[in-house]
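Quick notes on the structure that follows.
The values are calculated or read from the model by the stated rules, or taken from the named source; none is laboratory data. A quick note: this is a predicted structure, and the numbers were derived from the prediction, not measured. Don't worry about glycine lacking a Cβ; one is built from the backbone with ideal geometry, like all the others, and counts go over all protein chains shown.
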Amino acid sequence: MKPGHDHDTGAPLVPLDEARARALSRIEPLPPADLPLVDAHGCVLAADVAAPMDLPPFTSSAMDGFAVRAADVAGAAPDRPVALRLAGAVRIGSEAETVVGVGEAVAVPTGGVVPGGANAVVPVEQTVPQADRVLVLTPVPAGRYVRRAGEDVSTGEVLVPGGKRLLAADLGLLASAGVASVRVHPRARVGILSTGDELVEPGSPLGPGRIHDANATTLHGCMLEAGGVPVALGRVPDDPAALARALADAEGVDVLVSSGGVSVGERDPVKAAFGAGYDVEFLDVAMQPGKPQAFGVVGGRPYFGLPGNPVSVFVSFEVFVRPALMTMMGRPTGRPEVTATLEADVAGPREKVQFARVRLSRSNGAWLAAPTGGRQSNLMATMSRADGLAVIPVGVETAATGASVRVMRVRGEG
Ligand code: AMP
Ligand code: MG
């Protein structure tokens, strides 16, 4: 067998890194869009947002108590309380109507405006309120229990930096500054299509030789976990014209993904539809599972034609589609990885990178990787049981028990 050629068919193979580089070469970040805060969750901010106001916006009390002049109460003690004249009360949500003069106090709630003249707040617990005066039992230094305007963020400072992925705390901060919408890289909307004469909707009875369409649902979940928006385009039979029409007619999507029909079978529709006159390339990639791949541009949108086997779909998504979506959404493309010790032998094709389904566990501070079953790409339960893909490089025929392997953690959002 010549190196770089498929063991089974003798066909030349494209190295994985080269295939990935080619697939991603035409992918660019989506143009930024202005989104209301609640729709921007999980999106990457396109540029710095400067604080349009001070936070907190005005000087307020941190306690329910009395706004005072610190100097007036410097000598206060439980047995020598200082009596201050009660000059008024501040209501939460309103302007302070009174200033605090020498020998005076104004009642303030938590979050109420600290009136002019006052420079500290005595908590209510350290006072004895009376009809028109208040006895203060302890001194408070200047500034105590006062939230100064702008002490968190001042006007014009960077509130949230561009490039940051907006999560709950960031959105709350923006909201507190009165920002209602932000310019972000939007979520990629992904059209998902299944091809195959044999496919039946889950929930419908299977006729002879038929199988349920698993890939549409797998890909739907993959898109959600990547932070994209799945758009179901349904199923088409193995008919090139139907495939081309379904992809061309897809509305409101930024990228197209189909599964099945990219290999050399007589009825495989992808090559028949896009083989000639289209900007779509067909590669045999040096990877297992997921060797046959198609990618290019269809109807002005990036297109990924994945193979049909369910595990190939899952692995191809991780290797090609997820990095593309992340690039479109302005996010880092990699998955977290760990180095783990194999708990059983993993045999694979020497000429391909093998992505072996494994379950990770921790033992004495180290990672262990247990293969979840056979390596055939139709075995979906082995995928469901796995939380990682061990990457067995080209040139390795058997990665033996005890060997160290690199494992991509692929379950969930990552
Ligand atoms: P293909 O790439 O179309 O030759 O399909 C390869 C294998 O994957 C065949 O056994 C198909 O029946 C199976 N397959 C294709 N599409 C799906 C799908 N959407 N769900 C489950 N299995 C599929
Ligand atoms: Mg097929």
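Do you know which of the residues in the stretch 251-265 that are away from ligand 1 (no atom under 11 Å from the Cβ) and in a strand (DSSP E or B) is nearest to P307 (Cα to Cα)?
Top of the filtered list is V257.
Here are the criteria: (1) more than 16 Å from ligand 2 (Cβ to nearest atom); (2) in contact with a Leu (Cβ under 7 Å, 6 or more places away or on another chain); (3) more than 30 Å from M329 (Cβ to Cβ). Tell me which single one V200 does not satisfy.
V200 satisfies all of (1) more than 16 Å from ligand 2 (Cβ to nearest atom); (2) in contact with a Leu (Cβ under 7 Å, 6 or more places away or on another chain); (3) more than 30 Å from M329 (Cβ to Cβ) except (1).
Just to verify a result, which residue in the stretch 189-198, among those that are of a type outside the set (G, A, S) and either more than 10 Å from ligand 1 (Cβ to nearest atom) or touching a residue at least 40 places away in the same chain (Cβ under 8 Å) (or both), is farthest from L30 (Cα to Cα)?
Among them, the one singled out is D197.
Suppose we filter the stretch 86-115 for residues that are acidic (D, E) and closer than 18 Å to Y145 by Cα; how many remain?
If we filter the stretch 86-115 for residues that are acidic (D, E), which is where we start, we get 95, 97, 104.
Now narrow it down to the ones that are closer than 18 Å to Y145 by Cα: 104.
Number of matching residues: 1.
Looking at the structure I just gave you, is A180 over 30 Å from A324 (Cβ atoms) and modelled with pLDDT of 95 or more? Break it down into steps so the answer makes sense when it comes.
Details: over 30 Å from A324 (Cβ atoms): yes; modelled with pLDDT of 95 or more: yes.
So A180 fits the description; yes.
Which of (1) within 12 Å of ligand 1 (Cβ to nearest atom); (2) of a type in the set (G, A, S); (3) over 22 Å from A21 (Cα atoms) is the odd one out, the single condition S316 does not satisfy?
Of everything listed in (1) within 12 Å of ligand 1 (Cβ to nearest atom); (2) of a type in the set (G, A, S); (3) over 22 Å from A21 (Cα atoms), S316 misses just condition (3).
For the stretch 160-241, which strands (runs of 3 or more DSSP E) that fit wholly inside it have 2 or more residues that are closer than 30 Å to G275 by Cα?
Values: elements: 181-185, 189-195, 229-236.
Because the criterion is at least 2 residues that are closer than 30 Å to G275 by Cα, the strands (runs of 3 or more DSSP E) in the stretch 160-241 that meet it are 189-195, 229-236.
Quick one: A248 ticks every box in (1) within 16 Å of ligand 2 (Cβ to nearest atom); (2) touching a residue at least 40 places away in the same chain (Cβ under 8 Å); (3) surrounded by fewer than 17 Cβ atoms within 10 Å (Cβ to Cβ); (4) not in a loop (DSSP other than H, G, I, E, B) except a single one, so which number is it?
Condition (1) is where A248 drops out.
Among the numbered criteria (1) more than 16 Å from ligand 1 (Cβ to nearest atom); (2) closer than 21 Å to E18 by Cα; (3) β-branched (V, I, T), which single criterion is violated by T339?
T339 satisfies all of (1) more than 16 Å from ligand 1 (Cβ to nearest atom); (2) closer than 21 Å to E18 by Cα; (3) β-branched (V, I, T) except (2).
What strands (runs of 3 or more DSSP E) completely inside the stretch 316-414 contain at least 1 residues that are in contact (Cβ under 8 Å) with a residue 24 or more places away in the chain and exposed (fewer than 14 other Cβ atoms within 10 Å of the Cβ)?
Ranges flagged: 337-342, 366-371, 404-409.
How many residues are modelled with pLDDT under 95 and either hydrophobic (A, V, I, L, M, F, W, C) or closer than 19 Å to P139 by Cβ (or both) when one looks only at the stretch 76-108?
1
Read through the list (1) buried (at least 23 other Cβ atoms within 10 Å of the Cβ); (2) within 16 Å of ligand 1 (Cβ to nearest atom), then give the number of the only condition that V184 fails.
(2)
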